[in-house]
Amino acid sequence: MITGLKIPTCKKMSIKEKIGVYNKMKYVYIPLISGNDTNITISVKKGDYVYKGSIVGKRKGNFRIPIHSSVSGTVVDYEEKYTSNGRKVKCIVIENDFLDAIEKEYVNNDITKYTKKEFLKTIQDCGIIGCGGSGFPTYIKYNIDKKIHTLIINAVECEPYITADYVLFREKCEEILEAIDAIREINNIDEAIIAIKEYNTELKEIIDNYIGTYLKIKVVLVPDLYPMGWEKSLVKYIKKTDYERLPMEKGIIVNNVSTIYAIYEALKYHKPLTERIVTFTGTNLKRPQNVMVKLGTSASEIIKKVGGLNKKNATFVAGGPMMGNSIPTDDIIININDNCILVLDEIKESIEQACMRCGKCVENCPAKLSPVLINESLKTPEKLKKLEPMRCVECGLCSYICPAKINLREKVRLAKQELRKEN
Amino acid sequence: MGPFIKDKNTTKKMMNHLLIALTPIIIFSFIKNGFIPYKKGYTNIVGLFYPLIFIGISTLSTFIFETIFKLIRTKNIKEALKNTYSIFPGLFLGLILPINTPIGILILGSLVSSIIAKMLFGGFGKNIFNPALVGRLFIISVFASTIMSKGGYLNPYELDAITQSTPLTNASVITGIGNYETLVRPYGRLLNIFIGNIPGAVGETSALLCLLAFIYLTYFKVIKWKIPVTYILTVFSITYVIGGSNDLGIWYPLFQIFSGGLMFGAVFMATDPVTSPVTPIGQILYGLFLGILTVIFRYLTPFPEGVLTSILTMNMFVMILDKIGSIGRFNFKIALIPFIVAWLLIIGLSFGIAVTLNKTEEIDPNFSILSKEINQNKTTYIVTQKGYSSTLKGQIIIENGNIEEFKILDQNDSFYSKIEENNYIEKLKENNEIDTVSGATITSTALKNMIKNTLNDYKTGKKENIINEEATKEPKPTFEIISETQIDEATKEYIIKNKGFSGDIKLKVTLTNNQIKEISVLEQNDSYFHMLEENNYINTIIENQSNIKEIDTISGATYSSKGVKEGIIKLLEQVGVINEQI
């Protein structure tokens, strides 16, 4: 049984407009962070000229994913800037020369003609990481000997407001299907399944237009439940199977549709992951729309471009309304895992009332946790351990559903910290 | 911190839904316990609104007690008036008590509910036991006899005109498991029990309305629906097996789930969010064990209506059930043991009770033979059988297998007069299968059983004489002159007693020259005796003493007025006044 809840989608406001493009920024700020790791080797110095796609830094340690410049221009400085995780991160400041010069043109007409080794090297060199929010290096998912029998393309996008994946799929459908089939071919995968929400019939029609020749790709409509886009729920719904840590245990790979498009560009043009579609939306934004943003751009510039705010007092959220973080300012730097900047009317913290133990948080938790009991046992670690708060994926459904407006996700986060301290 | 969208549902909205679901139940109680008795003339205008007054007082009481408590604690009026859903313990308490609970006791119970069971545990959300149930337990365990002497669960109409007990009390005095005639027929049809037109606590008789409330509350996701569903299904399954193996139809398990406030308890009390499990597995186990306990209480203990006691008992295990329920979500094996225990108990109880009831049907614990005298073909029995409010003692003479004579030597049943009015004894002698007398169902069932049991002994018992001293004891007269005092030459003062509705009425009567000068009531126990005072009945008797036999009784207090009137007639007869004057 899939645990989840139908929640309002709020997607209409940003879905109609075509993908906008913004490249007027004078400076980009390339954050020296990969995943949560800020241990980055910088490979440029002040005054260096960089092409669009030049490597400016590389992660130390295991997952060696390079960081690329998103524009061509001159390295002018280092500066600490806010990113979506709410912390200040050291960035390389590059002055844009507006030429978008690249070091070497490359086009590959048949992207299925990669060996697996070449494929892995290409996506590693192009810095492809999970665009759905995890930031997990994609080449690691594929770098295994085990037989992969199913590739699931996650286009569920179950967070309200966000339409980035939807419009990308709508406008780049042909390319995405081509990439899926190439990945399937290269990795000898039996079938590829595209998962979209059941109400996205329009998108289904568009895909059906192109899918004819791809016999091993099929589309599955998944129920309109949150968090249906969570890998575990998706695998459970589509393949009727459970896994412990990674879908790979069952020979399954799940990729976000944005990641697939990034792989397409990497295979076709050797183009590194330096830009992505970000949904700028929210009740307090004048013209909500999706924008193709070069990584390192400040969100405030784009907000201005899409018409600015309706009301002066606003709450800014990086990410969707369920899992996103509130950010103190709109002057944050967009990075690979940012799929949405949400601008809402100012939200005042609601007052938590007494819990009446209605059990809704337990009933709805997709990770089968008991948030109310975790909250009750915050001070008793032995009890806490048995409740396994580590399983929490922080989807926020418990806080969403709570009639007493208790922020249960925060309590579970506290429980996680408590247990980490214990260990 | 996120999430930045929240569900529109709030605690307050859920509580409002609960109030909406309770409204039809309150209205039903008003119609059944106030409007109908008023319409039929069994009560006055106060009685018309009494159910609402009753529920209103308990609701208001818990509100006031809780507010005062918070005021003392916080010393801040604003804080004290903050909504902590203080009306609910009182509202539920009012609905689950007998209508004849005196108001003082009701308020005391509300105090226990709100202060002891709720606030001392830490207030809303912190209490372990359901506050309303704690209040009720307190009232019933301390004041049960007071409440029962005032009429218990019966409203004025039921008290005066139909007089029955609640279906489960009735079931508990029946021989063996009973049948449709003895269990359901006294209340008309099963439909009547389903609708709730039966004696019972103020607001918990209507299974139909509870079912509708369940649908409403489940639709709006207010209650933990798994609890009532498993609870009711468990009771249904066990009683289905019990009924089935005793050749009773599907009506029997339905009768069991429609009566005894099971539906109300399952839908409203067992789902009280604060005192029930939060985990789905915990909720299912909770429902299963509630069902098991209720069956145990109903069949194996002297307390026939075990719903509320079961819930209160299970409240203690909520923490354990939630522990099993939370860990069991990752590792179901942990929950397996309690499930197996529950299944074993369900199977054991179903077949165990079915078998024992089958056996005991032959021996009626309410029947006993005091003496048996065999004289050739003629056997004279003196036997007793438990009736409604007393033990009936009867003499039955059987000759060649036929009942030759049947008479009642002693009884003290409240509604025995109905038996006499209907000439029921004579009818029974002819045919032991005739219908019971409405208004004295339990007494008539007892009489039927008395004959059945005696005939049974005649056929199967040992053929030897039994002699018991009890048999020859003179019955206690209902009327008695306790004392007689000569005041002066012409005046005499008598203290007499006669049977009223729920006990003896003691009167002091002063006669001067054989004329009644004064009557004063020394002692009485009847719930509606006040109606005599309201109607000036004593003065009517004094004024019309020459025609005393023609004075009407008071409707709504028939037995009390009858007791007074007939006591005085008997006194006048004994001192010879009536013969002289009339």
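The values are calculated or read from the model by the stated rules, or taken from the named source; none is laboratory data. From a predicted model like this one, the values you see are computed outputs, not experimental measurements. Here the Cβ is made from the backbone with ideal geometry for all residues, glycine too, and neighbour counts use every protein chain on show.
The single condition among (1) touching a helix residue (DSSP H, G or I) at 6+ places or on another chain (Cβ under 9 Å); (2) part of a helix (DSSP H, G or I); (3) more than 30 Å from B:GLY556 (Cβ to Cβ); (4) of a type in the set (D, E, K, R) that B:LYS32 does not satisfy is (3). Listed by position, the helices (runs of 4 or more DSSP H) enclosed by the stretch B:40-97 that each have at least 3 residues that are surrounded by fewer than 19 Cβ atoms within 10 Å (Cβ to Cβ) and at pLDDT 95 or above are B:45-74. Filter the stretch B:251-271 for residues that are away from chain A (no Cβ under 14 Å) and of a type in the set (Ser, Thr, Tyr); which is nearest to the chain's Cα centre (by Cα)? Here the residue is B:SER259.
Counting just the residues of the stretch B:243-299 that are modelled with pLDDT of 95 or more, more than 28 Å from B:ILE195 (Cβ to Cβ) and among the polar types (S, T, N, Q), which one comes out surrounded by the most Cβ atoms within 10 Å (Cβ to Cβ)? Selected residue: B:GLN283. Elements of the type strands (runs of 3 or more DSSP E) sitting completely within the stretch A:47-115 and holding at least 3 residues that are of a type in the set (A, V, I, L, M, F, W, C): these cover A:88-96.
Can A:GLY307 be described as touching a Leu at 6+ places or on another chain (Cβ under 8 Å), at pLDDT below 90 and not hydroxyl-bearing (Ser, Thr, Tyr)? For A:GLY307, the condition - touching a Leu at 6+ places or on another chain (Cβ under 8 Å), at pLDDT below 90 and not hydroxyl-bearing (Ser, Thr, Tyr) - is met. Residues in the stretch A:155-171 that are of a type in the set (Val, Ile, Thr), closer than 16 Å to A:ASP338 by Cα and assigned to a loop (DSSP other than H, G, I, E, B): A:ILE162, A:THR163.
Per-residue answers, yes or no, for (1) among the aliphatic types (A, V, I, L, M); (2) surrounded by fewer than 17 Cβ atoms within 10 Å (Cβ to Cβ):
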position: A:ASP145; (1), (2): no, yes
position: A:ALA155; (1), (2): yes, no
position: A:PRO160; (1), (2): no, no
position: A:TYR166; (1), (2): no, no
position: A:ALA179; (1), (2): yes, no
position: A:ASN187; (1), (2): no, no
position: A:ILE193; (1), (2): yes, no
position: A:GLU198; (1), (2): no, yes
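All told, A:LYS60 falls short of being more than 28 Å from A:THR138 (Cα to Cα), assigned by TED's automatic domain parsing to the domain that holds A:PRO328 and out of contact with any Lys or Arg (no Cβ under 9 Å at 6 or more places or on another chain). Screening the stretch A:222-312 for helices (runs of 4 or more DSSP H) wholly inside it with 2 or more residues that are buried (at least 24 other Cβ atoms within 10 Å of the Cβ) returns the ranges A:231-239, A:257-269. What about A:PRO272, is it under 21 Å from the mean Cα position of the chain (by Cα), within 14 Å of another protein chain (Cβ to nearest Cβ) and not acidic (Asp, Glu)? Considered against the rule, which asks whether it is under 21 Å from the mean Cα position of the chain (by Cα), within 14 Å of another protein chain (Cβ to nearest Cβ) and not acidic (Asp, Glu), A:PRO272 comes out as no. Kindly establish whether A:VAL71 is free of Cβ contacts under 8 Å to residues at least 40 places away in the same chain and farther than 30 Å from B:ASP7 by Cα. Judged against the criteria, A:VAL71 is not a match.
When A:ARG409, A:ARG391 are checked against the criterion of being within 21 Å of the chain's Cα centre (by Cα), buried (at least 22 other Cβ atoms within 10 Å of the Cβ) and at the interface with chain B (Cβ under 8 Å from one of its Cβ atoms), a single residue qualifies: A:ARG409. Evaluating B:GLY563 against the criteria (1) modelled with pLDDT of 85 or more; (2) buried (at least 20 other Cβ atoms within 10 Å of the Cβ) leaves one unmet condition, (1).
With the structure loaded, tell me whether B:GLY567 is among the small types (Gly, Ala, Ser) and farther than 29 Å from B:VAL46 by Cα or whether it fails that test. For B:GLY567, the condition - among the small types (Gly, Ala, Ser) and farther than 29 Å from B:VAL46 by Cα - is met.
Against the test of being within 25 Å of B:LEU217 (Cα to Cα), within 14 Å of chain A (Cβ to nearest Cβ) and assigned to a loop (DSSP other than H, G, I, E, B), the options B:VAL278, B:VAL274 yield a single qualifying residue, B:VAL278.
Selection of first residues in the stretch B:33-51 that are in the same structural domain as B:ALA557 (by TED's automatic domain parsing) and closer than 17 Å to B:TYR153 by Cα and of second residues that are at pLDDT below 90 and crowded, with 22+ Cβ neighbours inside 10 Å, restricted to Cβ pairs under 7 Å at least 6 apart or on distinct chains, gives an empty result.
Just so you know, in the stretch B:333-359 the residues that are surrounded by fewer than 19 Cβ atoms within 10 Å (Cβ to Cβ) and polar (S, T, N, Q) include one that is nearest to B:TYR252 (Cα to Cα), and it is B:ASN358. Checking each residue in the stretch B:320-334 for being in contact (Cβ under 8 Å) with a residue 12 or more places away in the chain, facing another protein chain (nearest Cβ under 10 Å) and not basic (Lys, Arg) picks out B:ASP322, B:GLY325, B:SER326, B:GLY328. Look at B:TYR537 and say whether it is more than 27 Å from B:GLU489 (Cβ to Cβ), at pLDDT 85 or above, surrounded by 18 or more Cβ atoms within 10 Å (Cβ to Cβ) and in the same structural domain as B:LYS499 (by TED's automatic domain parsing). So B:TYR537 passes the test. Does B:ILE337 satisfy being farther than 19 Å from A:VAL362 by Cα, at pLDDT 95 or above and away from every other protein chain (no Cβ under 14 Å)? No: the conditions fail for B:ILE337.
Taking the criterion of being within 23 Å of the chain's Cα centre (by Cα) and touching a residue at least 40 places away in the same chain (Cβ under 8 Å), the residues of the stretch B:7-32 that qualify are B:LEU22, B:PRO24, B:ILE25, B:ILE26, B:PHE28, B:SER29, B:LYS32.
Residues in the stretch B:195-235 that are assigned to a helix (DSSP H, G or I), more than 18 Å from B:LEU133 (Cβ to Cβ) and either among the aromatic types (Phe, Trp, Tyr) or within 14 Å of chain A (Cβ to nearest Cβ) (or both): 6 in all.
Every condition in (1) modelled with pLDDT under 80; (2) in a strand (DSSP E or B) holds for B:ASN412 except the one numbered (2). Against the definition (within 30 Å of A:GLY324 (Cα to Cα) and surrounded by fewer than 21 Cβ atoms within 10 Å (Cβ to Cβ)), how does A:TYR27 come out, yes or no? Answer is yes for this residue. Checked against the criterion of being buried (at least 21 other Cβ atoms within 10 Å of the Cβ) and at positive phi, the stretch B:156-164 has at least one qualifying residue. Restricting the stretch A:338-366 to residues that are more than 9 Å from every other protein chain (Cβ to nearest Cβ), within 28 Å of A:GLY135 (Cα to Cα) and among the aliphatic types (A, V, I, L, M) leaves a set whose member that is surrounded by the most Cβ atoms within 10 Å (Cβ to Cβ) is A:ILE341. If the condition is being within 13 Å of A:TYR27 (Cβ to Cβ), of a type in the set (A, V, I, L, M, F, W, C) and out of contact with any Phe, Trp or Tyr (no Cβ under 6 Å at 6 or more places or on another chain), then the stretch A:51-91 contributes A:VAL71, A:VAL75, A:VAL76.
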